[in-house]
Every structure is written in C-alpha cells, then in structure tokens.
C-alpha cells in the first residue's frame, strides 16, 4: 500500500485532493453550513498566527537572526488598520479624551490599502531599527528587538492624538468572510516560500549556517540581514492588521512582548527552518491555547474540587511546553525539513520496519 | 525647581542606579562565563520579593531572619534554574539556550501569576528601612540612603571573590576560555553554580531594597528592571563587574533626570534605557570598561 503511493501521479492527485478538501471545508465554514462563530474565529486567528509565525521563522529560522520584535511590528500594522479604516463619523466618539490628529482625522482608507500600508510602515520601521541593531550578534539582537517592540508599545500608549493611548481604538470594520484571512495567509506563505527558494533565500540560509563563510562567498551580510528583517516585519504588520480587523478593537496591551513568545513556541514546535512545520504548529498551538482554556476554569470531578484548575494554569502549561520542547525535542516537528509525501512515507516505512510508533530523529 | 527637589531627585537617581547595579552584576557575571543572557534573572528578583512578602506577612518572621531565608531561597531557585534550564543545553546551539532562558523566565512569571494571582501584594513595611530621615530639608527613606553603600560594599565583596580567591581565579579562567579551562581540570559546573549563587543573592538583596522603595509586588515586576539591568551591564562593558555597577548608576541617573527635567516625557521613562543601548552599541559596542573581543574563525 505504501509502495503504491510512492509514485508521482498518485502524489499529485493526493495533493489536489487535499487542496479541494481544504477549500471545501473553508467554503462550508464560511457559508455557515458547518461550525459556529467560535470555530471560525479560532481558525481565522490560526491563519493570522500562521502569517506572523512564518515571517518570524524567515528571520529566526532561515536567516539565524534572533529577533523578538514581532509583537511591535504587529502593533504597527494593527494600529495602521485601526486608524485608517474606522469610519470618519465614528472618530470623534472614539477619540473623546484627546482629539485625533487633524490630518489623520480626515483620511479613511479601504481595508486592503490600510493593510498594505501597515505592512509597509512596519517594514520601514524595521529598516530604521535594523540599520543600527543588525550589526549586533544574537544575544544583543534579541534584547534590542525586544526593547524596540516595547518602545513601540510605549509610544502607542503615550501618543494619544494618534493612537488614543491606553483606551485603544474600537469600531474597526470587521471582514465578512474567512477568505480575507485565509487568502492573505496563503498568499503570504506562498511569497515567503518563493523567497526562501530563491537566490536570496539561499543567501539567508548561508548566513544562518556561517556568517564568516557566507561573507567570504561574496554575500553582502548587512543587506541580506536588513532585507530578511524588513520582510519579516512586513508580514508581521500584515498579520497585525488582520488581527485588528478580526478583533474589531486594538489597544497597546494586546501587543505586550509576551505575545512574541507564542510565535516563538510555534516556530520551535514546527521546526526552526521549516515553513510547513510552522503552518501546522500555528494551527495546533492556536487551537491548543483555545482548548486549554478549560484549565483556567475551576473543575469539579466526582464532587471534589481539583484545586490546580484556576486562572493562569493555561499559561503555566504553555511555558512548560516551550521548556520541554527546547530541552528534549529541539528539532520540533520537522526540524529544517519540509512536509512532503516522501517524508511521511519514509517515516511510515521506518516505523513499520522497527515496528514501533513515534518518530524518533 | 528648588535645590531641595533637585537634591531629592539626585538621591533617588543614585539609589535607583545602585539597585540597577545590583541586578546588573548578576547579568554581567553569567554573561561573562556562559555567554548567555540570563533572561530569568529579573524573575528571580521578582520571586525574591514574593518570598519576602510571605516570610514577613504570612509567617510573621522578623526582618533579619526573613532576609536570610529570602537570600537562601533565591539562591536555591537560581541554582535550580541553572541545573534544569541551562545545564542540559550546554552543547546545544546558542539559539536553543536562549529560547530555554526565555522559556524559564516566562515560566517563572506565569507560575507567579498562577500561584500568587496578578493582584499586587503589599511589600512588608520594614521599619528600619522605611523610616524617613531629614537631611537639610531633603526627606529620604533609610532604604534610599543606604542602597548605594550596600551596593558598593557588595561590589567590593564580589571583586574580592573574583580577584583574590581560588574559585574567583577559576571563574576568570572560565570566562576567558571555556574549553581550555575545562581541559585544565577546572570544575566548570561548580564555577557556573557559584556564579548563579552570587548573582541570585545580589538579586534577592536588590529585591528587598526595591520593595522598601516601591512597595507593590506583582508577577511582572522583574521584567522591566531585568531588561534595563542587562542594558546597564552592556553599557558598562559586559563581563566587567565594576562596569556593571557604573552602567547601573548611569542608567538610574539618566531615568530620574529625564523625569525631573522633562516631566512631559515621564511616559517614555522605560524607553530611555533602550535608546542608551542603541547609542552604546553604535558608538562603543564593548561598553565603557569592556575589553575588545574578536571573533575567532
């Protein structure tokens, strides 16, 4: 059976089948035939997390730059969408403490334009940050990017005429269809995939493996690092913009730097340097975090209160999971490999041969 | 602005700066030896503050007994952290160790939120530290007054340990060349544990003084001081203990002076440390007192 699957024709028809299956599930969900709003919301959130995680993996996993600025770049994208898409009539109601900047108060953009503008602004900020910061080695880079993501949040909390401060911005128009989220996610992942398999992508990987050797081979380190960093920020900004539209509200607290840690968990679980692994992990982690919400509710079993179930337990599990992953399963699901029929078949064969379950690496 | 207010703020700046210095020593020592940002250092500081709250308020211990217990507990936590989160990854890629450090920090924060809830707890009022002293029209608490002296004494102790004792010699050797030190028969694990013991006890003392100044204990109280103190360590030259103290003082003064002279920018107080970091890394990446390090190919 396994050997029968192992030819090109079956494989491509399997791929087409999977795509049709995937598309029809989304169509059914989107037309409200199956599922409910909660499931749709979780799936949309997973799509957004996919975009941000894949972009983070481009920087951390493929280029080897330890950047922790994702939350800040998301905030830029989210606020751009929030500021420019809220209908003009609603603005005065939202900015009731400090009036909105008179220039911004007259501009309303369609969602797509605001989304792309958000991505571009995030990339611009990334370039400005990247020029000083990307000269640094890993550890410094992590602290500096973390710091910048906090500075962005501090600025958003304080620049009240632009961001409405700690009150946040409400009444952001909500997108009517799941295809907005899934369409952008598929497009983003495809673009990053193409980038990684281009000559730029090979340069990124060379920098990850050995900076000195890469430089000796004529790769302009600085240019490629800034490029990877800016592209990563662009997609994080897009993800942030979509998040604003999904939640219909933004405030600086949503972009606390701990948000970046969720993406870190995702890329470690999926495999640093594996796009398909990141996509799978995004859905698993996002859905998992939703499912784990029951840990935060008090639980009574057979009339006995289980005292460990109370608010905060979910995040303890979350951080334990990150620790266990990095201590014992450093390669994550796929390591630096990509998911393919060959990989699945090889693993199935190996398990059959050894007669054991699990996928030891 | 009257001269009194200025003097008051100057004293505040020095006192905050010396608290930063206490934490920065921990960062700089661990970085010097393991080449690792101990992200969880700020969270050990936070846990120490909670330990103090529990031993004085819940167990009604006198403050000097509580101080000993808090330092012991923090040291135990620091060593446990090293053994579980860093030791197994000694030969792993750098990025894995850093992720482990972040995970450990996040775990401590979440554990604190889970166990002690996010509601701020009041830090016990230790009379001997919180009494106000009036010096020529400037009113200061004892904690504010003694913090710089405590820091300088502890700096002296740390310098004595690293420069005059056998374990200190081993620490310097490990920090110069990890592999060679190992080959020379130095017990690496003992050296690393000692580093964590020193760092954690300084963090605990810092937490006690900090709590007397800002008596509100929350699970995320260690995050910002943690990041800032790492920056202080970079500013002073990472790996250099005296530099870390200097960096801490400069950072504390810069913050307080910003608040004093430009009150409109008070909201940006936490941002100034990161701006300093960028400037330092652009102008003098080795820090004020650091040595130049070159990459070996």
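Restricting attention to region B:276-285, the residues that are touching a residue at least 24 places away in the same chain (Cβ under 8 Å) and facing chain A (nearest Cβ under 8 Å) add up to 2.
With the structure loaded, tell me whether residue B:273 is touching a residue at least 60 places away in the same chain (Cβ under 8 Å) and within 16 Å of the chain's Cα centre (by Cα) or whether it fails that test. Lay out the reasoning, then the answer.
On the way: touching a residue at least 60 places away in the same chain (Cβ under 8 Å): no; within 16 Å of the chain's Cα centre (by Cα): yes.
So residue B:273 does not fit the description; no.
Screening B:87, B:60 for residues that are out of contact with any strand residue (DSSP E or B) (no Cβ under 9 Å at 6 or more places or on another chain), farther than 21 Å from residue A:60 by Cβ, modelled with pLDDT under 95 and within 14 Å of chain A (Cβ to nearest Cβ) leaves exactly one candidate, B:87.
Can you find a residue that is touching a strand residue (DSSP E or B) at 6+ places or on another chain (Cβ under 6 Å) and under 21 Å from residue B:270 (Cα atoms) anywhere in region B:3-17? Steps first, please.
Narrowing region B:3-17 to residues touching a strand residue (DSSP E or B) at 6+ places or on another chain (Cβ under 6 Å): B:4, B:7-8, B:11.
Now drop any that are not under 21 Å from residue B:270 (Cα atoms), which leaves B:8, B:11.
Yes, because at least one residue in region B:3-17 is touching a strand residue (DSSP E or B) at 6+ places or on another chain (Cβ under 6 Å) and under 21 Å from residue B:270 (Cα atoms).
Would you confirm whether or not region A:181-188 contains a residue that is touching a helix residue (DSSP H, G or I) at 6+ places or on another chain (Cβ under 8 Å) and either without any contact (Cβ under 8 Å) to a residue 12 or more places away in the chain or within 11 Å of another protein chain (Cβ to nearest Cβ) (or both)? No, every residue in region A:181-188 fails to be touching a helix residue (DSSP H, G or I) at 6+ places or on another chain (Cβ under 8 Å) and either without any contact (Cβ under 8 Å) to a residue 12 or more places away in the chain or within 11 Å of another protein chain (Cβ to nearest Cβ) (or both).
Restricting the search to helices (runs of 4 or more DSSP H) fully inside region A:234-351 and requiring at least 3 residues that are touching a residue at least 60 places away in the same chain (Cβ under 8 Å) gives A:258-270, A:275-291.
The test for being farther than 25 Å from residue B:236 by Cα and at pLDDT 90 or above holds for residue B:110. Evaluate the following for residue B:90: is it exposed (fewer than 14 other Cβ atoms within 10 Å of the Cβ) and either free of Cβ contacts under 8 Å to residues at least 24 places away in the same chain or in contact with a helix residue (DSSP H, G or I) (Cβ under 9 Å, 6 or more places away or on another chain) (or both)? Yes; evaluated as a whole, the condition is true for this residue. Do we have residue A:77 as on the phi > 0 side of the Ramachandran plot, in contact with a helix residue (DSSP H, G or I) (Cβ under 7 Å, 6 or more places away or on another chain) and touching a residue at least 12 places away in the same chain (Cβ under 8 Å) here? Considered against the rule, which asks whether it is on the phi > 0 side of the Ramachandran plot, in contact with a helix residue (DSSP H, G or I) (Cβ under 7 Å, 6 or more places away or on another chain) and touching a residue at least 12 places away in the same chain (Cβ under 8 Å), residue A:77 comes out as no. Taking the criterion of being in contact with a helix residue (DSSP H, G or I) (Cβ under 8 Å, 6 or more places away or on another chain) and without any contact (Cβ under 8 Å) to a residue 60 or more places away in the chain, the residues of region B:111-131 that qualify are B:111, B:114, B:131.
Suppose we filter A:137, A:160 for residues that are within 14 Å of chain B (Cβ to nearest Cβ), surrounded by fewer than 19 Cβ atoms within 10 Å (Cβ to Cβ), free of Cβ contacts under 8 Å to residues at least 60 places away in the same chain and out of contact with any helix residue (DSSP H, G or I) (no Cβ under 7 Å at 6 or more places or on another chain); which single one remains? Outline the logic, then answer.
Numbers: A:160 fails: free of Cβ contacts under 8 Å to residues at least 60 places away in the same chain.
Of the residues listed, the single one that is within 14 Å of chain B (Cβ to nearest Cβ), surrounded by fewer than 19 Cβ atoms within 10 Å (Cβ to Cβ), free of Cβ contacts under 8 Å to residues at least 60 places away in the same chain and out of contact with any helix residue (DSSP H, G or I) (no Cβ under 7 Å at 6 or more places or on another chain) is A:137.
Please go through region B:122-151 and give me each residue that is part of a loop (DSSP other than H, G, I, E, B) and surrounded by fewer than 17 Cβ atoms within 10 Å (Cβ to Cβ), ordered by number.
At the first step, the residues of region B:122-151 found to be part of a loop (DSSP other than H, G, I, E, B) are B:123-126, B:131, B:136-137.
Of everything in region B:122-151, those that are part of a loop (DSSP other than H, G, I, E, B) and surrounded by fewer than 17 Cβ atoms within 10 Å (Cβ to Cβ) turn out to be B:125, B:131, B:136, B:137.
The values are calculated or read from the model by the stated rules, or taken from the named source; none is laboratory data. The structure displayed is predicted, hence computed values, not measured ones. All Cβ positions, glycine included, derive from the backbone under ideal geometry; neighbour counts span all protein chains shown.
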